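Asker: Sending over a structure as structure tokens; questions will come in a sec.
The values are calculated or read from the model by the stated rules, or taken from the named source; none is laboratory data. Since we're looking at a predicted model, the values are computed, not measured. Here the Cβ positions follow ideal geometry from the backbone for every residue, glycine too, while neighbour counts run over all protein chains shown. Please note that ligands, DNA and RNA were not included when accessible areas were found on the heavy atoms of the full protein model with its side chains. Shrake-Rupley method; radii C 1.70, N 1.55, O 1.52, S 1.80 Å.
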Amino acid sequence: LDVIYSSNNENIPKVTNDGVEDFDNLDNEDEDFDNECDVVDEFIVTTNTVVIMFKRSPTKNMLLLNYVKQEFGKELNLLLDCRTRWSSLSIMIERFIQLRSCISKVLIDLELGSDYWITEDEFNILSEIDRALQPIKLAVEVLCRQDSNLRTAEITLRFTIDKLQLQKTSLSEKLVSSLSVRIKQRRTNLTSVFIYLQNPSKYLYDLKDTNVNEIFSLPSKSRIIKEMVNLLEREDVDVGGLDRGCCVEMRKEHQKNLLAEIAVEDPESYRNHLRMSENQFEELSEKVKSKIEKQNTIMREALPSRLKLQITLRYLATGDTYGTLEALYRVPRCSIGRFVPEVCKAIWEVLEEYIKVPTTAEEWKVIMENYNSLWNFPNCCGAMDGKHVVIRCPANTGSEYYNYKHTFSIILFAIVDANYNFLYLDVGTNGRANDASVFSKTQDSVDTENWNTGSINLGKMEKYKAWWTS
């Protein structure tokens, strides 16, 4: 909290010269909590003592390992906590509870005094401590990541408090109370500004939600705008100059430079982003430009064809949601949803000549020879397979699209040659069909005889038995 949230409250405990926090300004309402902390500390000290005993005695530790191997089938050592690493406490308690039965057996065999005995109630308290520390441990790991931000902190702290409240133990309640005080003291409006800028509509929806924890209450929209103006003025930005036209120009500049810099600095990242090189993209852009380019109007300029192609290729390569693409390219998701199908259709039309089914005996023979020379697979005319694309069940179709994977789907079926080049594609067959059923449909598209029996007519040449790999 001290790292993620800046201090904005005079009542925050101040750190003295000796490094100890002064809590005199905090509400002194937790005397019971201090007593409970003493009890918890006592159990932790007892646990620590037992672990140290085994660590310092090879004989006792060997006896413990024998019991551990019998129960778990492998060696598991007790772990000692370290005062400079708070997470080591959780690790120590977790391992101690895991080896509980083995430790009890060793203590019985050694007939040690009561100082080392841990009762059933004490084990239950240790388990309660461990459960309470787990959400906090996860929260610290998330907040320490390099990509952590105010939004991440907000979600993480909400998750931590919700998990602690679900435990409904006295320790978890006290931790929630203490954590809530800290959050209230350090949480600023910058978090709300960040959330608002990410998704204004969702922010306004959450603002009306009455079930939001008061710790994470959201300021009004007017307050957010005022806070943003203050931030811009602090950075000497002319707020009056940020009109709509300026924002549009900034967006255009962002769209123009987004991939141009990557193409120059890191071509491999560019290829990974669009799944093609810059030259291939330029070639494809020229082919589809006339089909997807729109005319500018007096109201606004049309989206560039290059930008529409980039967004579509990114969508096809990764399956990102329209919301993610909106944030990346600064294009409204409603526009993305409108032009992506148009660009896909244009790509299909301009590249149709690249996917051709052989129509002559000579073309089939070349494919068979390639399979024989490259893969040592004689008389093979192609490799085929189908992919189930999960969909929502269309209305009034019953089990027509229900497949063996227990989902509703359509089938993407393809045939490729020895060089991974596509010879044939079929999309849209209902998911209930198998590869053979889809394969039988290809006889209308391929000039062959007796396709269903697997024999291919090679014209005047000798008939070969055709083999298909799937």
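Asker: Considering only residues of the stretch 387-404 that are in contact with a Ser or Thr (Cβ under 8 Å, 6 or more places away or on another chain) and of a type outside the set (A, V, I, L, M), which is surrounded by the most Cβ atoms within 10 Å (Cβ to Cβ)?
Answerer: Among residues in the stretch 387-404 that are in contact with a Ser or Thr (Cβ under 8 Å, 6 or more places away or on another chain) and of a type outside the set (A, V, I, L, M), the one surrounded by the most Cβ atoms within 10 Å (Cβ to Cβ) is TYR401.
Asker: Looking at VAL357 and the list (1) more than 30 Å from ASN430 (Cβ to Cβ); (2) in contact (Cβ under 8 Å) with a residue 60 or more places away in the chain; (3) surrounded by 12 or more Cβ atoms within 10 Å (Cβ to Cβ), which single condition is not satisfied?
Answerer: Status for VAL357: all satisfied but (1).
Asker: Still on this structure, please answer the following. Tell me which helices (runs of 4 or more DSSP H) are completely within the stretch 165-215 and hold 3 or more residues being touching a residue at least 12 places away in the same chain (Cβ under 8 Å) and of a type in the set (Ser, Thr, Tyr), or say none if there are none.
Answerer: 170-186, 189-198
Asker: Could you check the stretch 407-437 and list, in sequence order, the residues that are loosely packed, with under 14 Cβ neighbours inside 10 Å and aromatic (Phe, Trp, Tyr)?
Answerer: TYR420
Condition check ((1) in contact (Cβ under 8 Å) with a residue 40 or more places away in the chain; (2) open to solvent by less than 70 Å² (accessible area, probe 1.4 Å); (3) in contact with a Ser or Thr (Cβ under 9 Å, 6 or more places away or on another chain)) across all residues:
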| position | (1), (2), (3) |
| --- | --- |
| VAL50 | yes, yes, no |
| LYS55 | no, no, no |
| LEU64 | yes, yes, no |
| GLN70 | no, no, no |
| SER90 | yes, yes, no |
| ARG95 | no, yes, no |
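Asker: Would you please name the residue that is modelled with the lowest pLDDT, looking only at residues in the stretch 223-240 that are touching a helix residue (DSSP H, G or I) at 6+ places or on another chain (Cβ under 8 Å) and open to solvent by less than 100 Å² (accessible area, probe 1.4 Å)?
Answerer: VAL239
Asker: Follow-up question, since we're still on this one. How many residues does the stretch 262-301 contain that are of a type outside the set (Ser, Thr, Tyr), farther than 18 Å from LEU325 by Cβ and in a loop (DSSP other than H, G, I, E, B)?
Answerer: Result for the stretch 262-301: 9.
Asker: Based on this model, can you work out whether ILE183 counts as among the β-branched types (Val, Ile, Thr) and out of contact with any Lys or Arg (no Cβ under 8 Å at 6 or more places or on another chain)?
Answerer: So ILE183 fits the description; yes.
Asker: Counting just the residues of the stretch 98-152 that are assigned to a helix (DSSP H, G or I) and aromatic (Phe, Trp, Tyr), which one comes out most open to solvent (accessible area, probe 1.4 Å)?
Answerer: It comes out as TYR116.
Asker: Also: With the structure loaded, tell me whether PHE194 is more than 30 Å from GLU94 (Cβ to Cβ) and modelled with pLDDT under 85 or whether it fails that test.
Answerer: Against the criterion (more than 30 Å from GLU94 (Cβ to Cβ) and modelled with pLDDT under 85), PHE194 qualifies.
Asker: Which of the residues that make up the stretch 184-205 are open to solvent by 40 Å² or more (accessible area, probe 1.4 Å) and within 27 Å of LEU328 (Cα to Cα)?
Answerer: Residues satisfying the conditions are ASN189, LEU190, PHE194, LEU197, GLN198, ASN199, PRO200, SER201, LYS202, LEU204, TYR205.
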